[in-house]
Structures are given as C-alpha cells and as structure tokens.
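Just so you know, all these numbers are worked out from the coordinates, no wet-lab data involved. In this text the structure is predicted, and so the values were computed from the model without any measurement. Because the Cβ atoms are built from the backbone with ideal geometry, glycine has one as well, and the counts that use them run over all protein chains shown.
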Amino acid sequence: MTTATLSRGPGRLALGAVLIGVAAGFACLPREAAVVAALAWGMTLLWFLPREMNVMLPLLLLLSVPADYIAGLDGPAHGFFVLGATLTLCLAAGLRSGFASPSLDDWDLYALIAVLCGATLLHASNGELRGVLFWIGAGLFLWWLRAEERGASDVRGQVVHALLFAGALGGLIAIIDRAHLFDAARLIPGYEPHELEFSLESGSRAAALSGHPLRFGSLAMLSSIFALAYATDEQVVGGRKRLYVGLLFLSLAGLVLSGARGSWLGAAIALVSFLLLRFRSGSWRAAERVLVYVAGAAILVWASGLFRLIQSRLFGAAFHPGSINQRVLVVEGIRYVWTQVPLFGVGFGGAAEMGMRMGLRLLNLENEYLRFFFTAGFAGPIALLLVGIRRMRAAASRLSSAPVRTGTLCALPAILVNVGTYNLFSWSMGPPLLAALAFLAMPTTSSGANHAAMARSSH
C-alpha cells in the first residue's frame, strides 16, 4: 500500500461520514433539512441573477407568493417565509458586496421597528409575537436594499417596477377571475384566499394572488400611482409609454375589483397630490395628461360595467355600513380607554384585549394607528407618522420630473391614509412594503455610485 493510498483513505472515510450524516439529517429532520436546502438554493439562484434584475425579481416573487394563505406556510409558520426570504437576500447580498452596518439615514424606520418589537417583547405574555417577525423582516429587507444600492443598477427603478408588475399581474388575474375564465387559486397549490363579497348579486371581491381583497387593493393602488407617474412623464415615449398605460389600466381594474374603499380613498388622495405637484411645478401638459387618463379610465369603467360595482360598494347593496360603524365605534371608544393604556403599550397580543375593554368583540383593530397605540403607547403611532413625514419631506426636497420620485411622493400619503382603514401590517409583506416606500423616498447619497444610480433612475 502506497503513501498516496493511505492519505486518501481517511479523506474518503470523512466524506462518507459527512454524506451519511446529511442523509440522516434529511431523514430525521425533514422540515429543517428542507429549510436548509431552500436557503442554499435561494442563495445560489440570487448569486447568478444579473444586476439589472437582482432586486426586481425577488421582490416581485415576494409580492406574488401569498405565503400567509398557503397551507403549511400559514398558522404556526405565519411570517417565517418572508423572514427566511429576507434573511436569504441579506446573506446573498452580503457575500457578494460585503456586509456593512445599516445606513444612518434609516434611523426613523429602525426606531419604529425597535418601538413595536420592544413593546411586544416586553409584554410577551400577551402573545402574538409573530408581529415581531414581520418587522424584523422589514429591517432585513431595508438593509438588503441598501446593500444592493451599493452595486446594482438603478435599484429604485427595480423596486418600482416590481410593484408595477405585481399590481398589474393581480389586475389581470382579477379580470380573468371575474370573467370566469380561470380560477387563480389553482395557480398555487394549497392557496386559499380570504373571500369577501360585494353582494349576492355582484359576486366576490378580487383577491388575486394577495390572499385578501384589502391587501390586493393596497398593492393595486400603489401600482396605479407609479404607473400614472410613468405614463405622464415627458421622457417616457413610444412603446414604453404604451406599456405603462397598459399597466395603469390593469392596476386600476384590480383596484376596482378589490372593492377596497380605503385603497380607493388613498388613490384619490394620490391623484390630488399628483395634480397639485404638477400645477406647482408649472407642468400643465403633464396635468392635462393626468386628466385625459382619468377620463379614459372613467369611460372604460362605465363601458365595462365596473361602475355598477363602485356605485354598489359606495351607496348600494354592497355598502356594508356596519364595517364603517365598527371603525367609528373603535375611534369613539378610545376616549374611554386611552388612560388605561400603559406608557409602553400592551404589545400586539394585548390590542385585542383592549378592544374587549371597549365593548367591541374585534378580531382585528382595522386601523394601524390605533393598533400601534395599543401596542406601544403613544410612541407607536408617533413613530409611524415620523417615518411618513420625514420620508415625504425627503422626497419633496429632491423632487424633479423623475417618475420614481413623483410616484413616491404621491404614494406615501396614500398609504398613510390607507393604513388608517385596516391592518395592512398584519400581512407579512406589509412592513417590508413600507420599508420599500421609505427606501424610494430617501436614497443614500454617500457615494458617487449612488449619485449615478439616482441619475439613471430619473430617465
């Protein structure tokens, strides 16, 4: 026996032991092994994505996979899909571009995360710790965007286009479902969306791939706002303009079919903000284009019969005044219980108990400001408003004709109004969605590469 043979022997034994150990791990711990395998495959695929798509495709996937409503990913596993995905994105970006500390520009959003998570952990006995997973996921998601911003091409444009395509895809699926051509629930095994109806005569409200009509309405609202910003931009011409017009009308169709009145209100506020911005900057032609698209959308809504759904939802059989009365009662009940809320709140799990004290048997407080007030005391809603106000000021100070900036400045007030109508952040992708808007409003300007990326995003 030669020396080379002797040296290969221990190596083969070690390799065999490792393979046996891996096989035993898969056999004894199938779920944990599947998680490790998914992490490895995810990082491998992300490594080979081109720079021009390494933000848009993962975000589009996260917005399009309704993990909260898929059997096996809901229930006890609720929130772990998004948390695992954002952790994978961070690891892949860190290994590719280097790990760096969080940007100091984002202190407001990290403060909101710390306030909500700290209050929930302080009152861990009240339960609902999964809310902590959502907001940790938001922090990781924002860190990932900043890491990609250091090396990727036009990260802000990729984020916006992920929102655009996700909302338009949902609108297309909603139209197909409405026409009874195909059932979108069959696209994803185990997908069971939450069903809400307009009325017995008007049928179900669209949830598309978002799992819930209200969540789909929020996504379609944001997609409509950014599509309008691109469709009316003077630098966007030819085939690109027709593409954005098509995305606009698909998103608007989804917005109508969702029946989400809070999202309708947010879209109306965004439209007013858009016109005011154009009038203030003297862009009369852009304002005229907005009015033309609004008129065209109104004509299509009327001709397609969707107007009857809007009329029914606002004034007719699908009005459901009880849902509005419930929200009014919650707001009125605050004056009786606000003194009972501790300085640091009662955590996410204690919010339902506070609702019971108000005499309301609510599964969810359909108002994020009130929910954050119960969760973390006065610091909760103040921290959320601080994020919104600071980011809107940042977007306004850097505002130009760039559609990304204009759309962001209109989307922020829309989403801040929208979260006052229902609990958007109970969706595991809700907090990362807020982080994405915060990122769009305040890009980092600490390096020449970032300046170049900003310049490219304006064209």
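Of the Cα atoms belonging to segment 93-163, the radius of gyration and Dmax stand at 14.7, 45 Å. Modelled spin labels at Leu187 and Ile299, positioned 7 Å past Cα toward Cβ, are 3.0 nm from each other.
Each residue of segment 185-194 is assigned a 3J(HN,Hα), and the resulting list reads 4, 6, 5, 10, x, x, 7, 10, x, 6 Hz, derived from the Karplus form 6.51 cos²θ - 1.76 cosθ + 1.60 (θ = phi - 60°), x at Gly and Pro. In terms of packing, defined here as the mean over residues of other Cβ atoms within 10 angstrom, the peptides 300-308, 224-232, 267-275 line up highest first as 224-232, 267-275, 300-308.
Using a 10 Å cut-off on Cβ atoms, rank the peptides 407-413, 158-164 from the highest mean neighbour count down. Before the final figure, lay out each step's value.
Working: 407-413: 26.1, 158-164: 24.6.
The packing order, highest mean first, is 407-413, 158-164.
Across segment 103-120, the residues whose backbone nitrogen lies under 18 Å from the label position 7 Å along the beta-carbon direction of Phe378 are 112, 115-116, 119. Ordering Leu187, Ala207, Gly170 by Cα displacement along the dipole of segment 137-282 toward the positive end leaves Gly170 in first place; charges were set at the Cβ atoms of Lys, Arg (+1) and Asp, Glu (-1).
Please give the FRET efficiency for Leu314 paired with Leu386, using the beta carbon to beta carbon distance and R0 = 25 Å, rounded to the nearest 0.05. Display every interim value, and only then the final one.
Details: r = 33 Å, r/R0 = 1.32.
Using R0 = 25 Å, I get an efficiency of 0.15.
Stick to Cα atoms and the Kirkwood definition of Rh, then tell me Rg/Rh for segment 48-106.
Numbers: Rg = 13.8 Å, Rh = 13.2 Å.
Taking Rg over the Kirkwood Rh, I get 1.04.
Amide H contacts of Glu197 (H built 1.01 Å from N, in plane; Pro and chain starts excluded): Arg205 sit under 5 Å, all sequence-distant by 5 or more or on other chains. Projected onto planes of every orientation and averaged, the convex hull of the alpha-carbon atoms in segment 199-311 covers 7.3 nm².
Subtracting the Cα-Cα distance of Arg240 and Ala111 from their residue separation scaled by 0.36 nm leaves 42.5 nm. Rg over Rh for segment 117-269 works out to 1.04, using Cα positions for both radii and the Kirkwood form for Rh. The amide H of Tyr191, built 1.01 Å from its N in the peptide plane, has Ala71 as neighbours under 5 Å, considering only residues 5 or more places off or on other chains.
Once R0 is set to 35 Å, what does the formula 1/(1 + (r/R0)^6) return for the Cβ-Cβ distance between Ala77 and Glu201, expressed as a FRET efficiency to the nearest 0.05? Don't skip to the end; give the middle numbers.
Details: r = 38 Å, r/R0 = 1.08.
Calculated value: 0.40.
Between Leu275 and Leu49, full extension at 0.36 nm per residue minus the direct alpha carbon distance yields a gain of 77.5 nm.
A simple spin-label model places pseudo-atoms 7 Å from Cα toward Cβ; at Ala268 and Leu61 they are separated by 4.0 nm. Taking the average, over residues, of other Cβ atoms within 10 Å as the packing measure, peptides 205-218, 424-437, 123-136 rank 205-218, 424-437, 123-136 from highest down. Mind grabbing the base-10 log of I(q)/I(0) for segment 168-236 at q = 0.15 Å⁻¹? Debye formula, identical points on the C-alpha positions, no solvent, two decimal places. Debye intensities relative to I(0), on a log10 scale: -0.54. Summary of the geometry: segment 184-255 and segment 63-124, compared by the centres of their Cα atoms, lie 25 Å apart.
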